[in-house]
Each structure stands twice: as structure tokens, then as C-alpha cells.
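In what follows, a single structure is set out as C-alpha cells and then discussed.
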Amino acid sequence: MKNSFIANSVNTTVQKLLGKHNILGTSLNIYSQKSFFMDHVGENIKQNAAYPRLKKASSFLYTSRKFCELRNHNDYETGRILFNHCMNPFLAKEGIAANAHECSALTIFSALSSTDLIQVNRAIVTTPGNNPSGKILHEFVIIGEVTGNKTCVVMRMNDIAHFLAKNLLPRSERPWVVDAAINIVCPLTQYIEQLGLAISSVNLAADKEQTDGLHPLHIGPEITPMGFYGLISGGYLLAIEVTPKSTRLNISESKGELNYNDFF
């Protein structure tokens, strides 16, 4: 099957799950930190109609991530846990909360369990620079060859097309993106462009909410849609091969940082 077909098929599956069960909704933010609970907020925030839903979502995120950490679950297993939660009638009614990490885990599980793929790539966007660790800004999944003979590669987000042209065979099938958190499916070389279009749509929705007198709430550190786009487009892309038996990545719980020394 072509990467484009698999990417669209997998995203359709994940979007159906999110549309039916996700109690969080679209959340553009940097990696959610250890304490998700929204206990210390102003009274005006507590009066917002969305507050109970987001407080419930924050509780789900914290407990589910903690459970997966204690069980040493990798991305595939995390996705399986979330998928089974949605399929269990007694648990499904409680819903799930899915930020970029959970959306990617669901995508990875769906791709590896329902197709003939033996591996996909977990794509982690980190802050730029030559630091030994990078702060996670966003996550999505890449369907298709990216790493070549390696198990992981790193490149600038604005250098993706050049990297692929230099490292992949001319006739090899182009890799595709599934960014289920923002509902983007496209060739990897078009991701930044498609992200910009998606962010513009989010901006329009946010403007409408403000016009209607509503104030969008965010789980974790707040960030504007354009601020989010600026961080992603200026960041680094770390693509890591993932299989059902992959080792769980070591991510700092308090800062959402990934140690590059674990890979290179």
C-alpha cells in the first residue's frame, strides 16, 4: 500500500476515535508538564463553561501518562491502552484526553496493528540548537522511509526537503505525515505549509470565540496559535523508528526534555 493511502486511512481511524471520545479538544501547547491539574486558577477561569471539561481532561492526562510510565509502556502500548479504553463500554463513557503525545500513540498503534507496516517514525519537534537535550514542542507520526540505514535522524524543520533529497533514493516513495492532533495528513515536505494553513483556521476559530464572549482555555503552558507555529517552523525534527517492541523513550517528567545522548 502507498504511504499516502495508509496515512489517510490511519488518520481517519484516529479522528473517529477522537471525535467520539476526546474530552480535551484541540490543545496547542508546549509539552504538558508534570502537574496537569488546574487547581490554582483564577475565579474567572473557574466560571468558564469549559473549565469542568478541561479539569477532567487534565486529570486523565496525568493519570494515564503516569500509568504508562510505571508500566514502562512504549508508544505502541500506550496507543493500545488508549484504543482499548475507547472500545470498553464502561470506560468509553468517561472519554479520553489526547494531546499531541496521545494522538501520536493512537496513530502508531493504528498503523502498526491494522496494516502490514513493521515500523513507523515518531516525529518529535524540539527546540533548536546543539544542546545535549531538546525541549519537546510537538509530536506527530511519519509513514514511510526517513532514517535510511539509521534508527533515528535529526534535521531542521525548514531543511526537510533538502534532507530527504540528499538521503533518500530518487525513486523511493515519499514519506507522509499524520499529525492527528491537528488533523493534518500530507507529504512530509509539505508539513510546514499545511501546518500554517491549519494554524490560520485555529486563529479564525479563536477570533470567533472571543467575539462570542468566550475565552479558550489551554492545558499546560499557554501559547498563541501563531506562537506555536513559530516554534515548530524554527525547531528541529527528530525522527525515530518505532515498532511494537521499541524501547520507551526517556523524557523528563517536569520539563518535557529529551536527551539526545540516548540516540547519538
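A few points about this structure:
- When each of the peptides 111-117, 174-180 is scored by how many other beta carbons lie within 10 Å of its residues on average, the order from highest to lowest is 174-180, 111-117.
- With the whole protein complex present, E193 retains an accessible surface near 120 Å², based on a 1.4 Å probe.
- Spin-label pair I118/N158, simplified geometry with 7 Å Cα→Cβ offset, distance in nm: 3.9
- Bins of 5 Å, starting at 0 and running to the largest distance - Cα pair percent for segment 49-202: 2, 8, 15, 19, 19, 16, 11, 6, 3, 1, 0
The values are calculated or read from the model by the stated rules, or taken from the named source; none is laboratory data. Only a predicted model underlies this, so the values are computations on that prediction, with no experimental measurement involved. Glycine gets a Cβ as well: all are built from the backbone with ideal geometry, and neighbour counts include every protein chain shown. Please note that ligands, DNA and RNA were not included when accessible areas were found on the heavy atoms of the full protein model with its side chains. Shrake-Rupley method; radii C 1.70, N 1.55, O 1.52, S 1.80 Å.
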